[in-house]
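Here is the structure we will look at.
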């Protein structure tokens, strides 16, 4: 661990965020739309999708832990109000900006090349409910939307883990596993909250064993990639799938890797450019994580 202006920085968590972010890009770059062209590639794609299934749940766990890591023994209403107010800047504003930019891109694509949207959204992207709730219009941001909800109900989650402790978490896990009706954030965010409220000393010791070096802006880079990778990924899948028309296992795998690497490269390049030329704007886009 290291110290920053905002308190303890867990470098292992930053490293894990980088790995999970790459995993999410790898998942969204998968060419599921081209299934059936190669049995071997279908198996490969299935493996990628299965392996990256853990990325979003782990992000919820990390978010729950980080939200409650400094919670006092007796938090009052002001503590949660301050947390909620900060999440407006760190989550809600970036979420709204990313969705607004996605809407602008879809509007432009609909006018210039409507076939680019036909296999993904049709005309659903124009529905206000879809833009901010059903979708949202930037589809990968459903995680941010649910995380905002989790932060709003954080006082209830705190009371739940404080008094029900591990038995309550296990009961919630059973509901999620057997019934399937529990939203992701209810379980995984709660697991992170339990780790922070009930097991903070043990978790802190475990995190402190990692002594590696992670760039100071790793969390900002991860958040920027998460917010803005989806549109380049689906655009590259469309373009490369159409013009390369891969059929064999090797051609499909090469196209998949090209989509994933180009997506990471383009969005990372945009992040570096914005960070150098407009650091204040970049700070707003990543919720003050710089």
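A Förster radius of 51 Å, combined with the Cβ-Cβ distance separating residue 278 from residue 43, puts the computed FRET efficiency at roughly 0.70. Exposure proxy shown here: for 66, 236, the number of other Cβ atoms within 10 Å sets the order, fewest to most, as 66, 236.
Label positions at residue 198 and residue 268, each projected 7 Å from the Cα along the C-beta direction, are separated by 3.9 nm. Mean residue ellipticity at 222 nm, helices only, the chain: -21500 deg cm²/dmol; runs of at least 4 DSSP H residues each add -39,500 (n - 2.57), and the sum is divided by the number of residues.
Label reach from residue 19 (point 7 Å along Cα→C-beta): in the range 221-235, amide nitrogens under 18 Å belong to 222-223.
Our summary gives the chain a relative contact order of 32 percent, counting only alpha carbon pairs under 8 angstrom and 6 or more residues apart. Put in line by how crowded their Cβ is, counting other Cβ atoms within 10 Å and starting with the fewest, 11, 255 read 11, 255.
Fewest-first ordering of 206, 15 by other beta carbons within 10 Å of each residue's beta carbon gives 206, 15. FRET efficiency for the residue 170 to residue 111 pair, using the beta carbon distance and R₀ = 45 Å, is estimated at 0.30.
Taken together, the values in this text are just the output of simple stated rules run on the coordinates, not laboratory data. Nothing here was measured: the structure is a model prediction, and the numbers come from that model. All Cβ positions, even for glycine, are placed from backbone atoms using ideal geometry, and neighbour counts span all protein chains on display.
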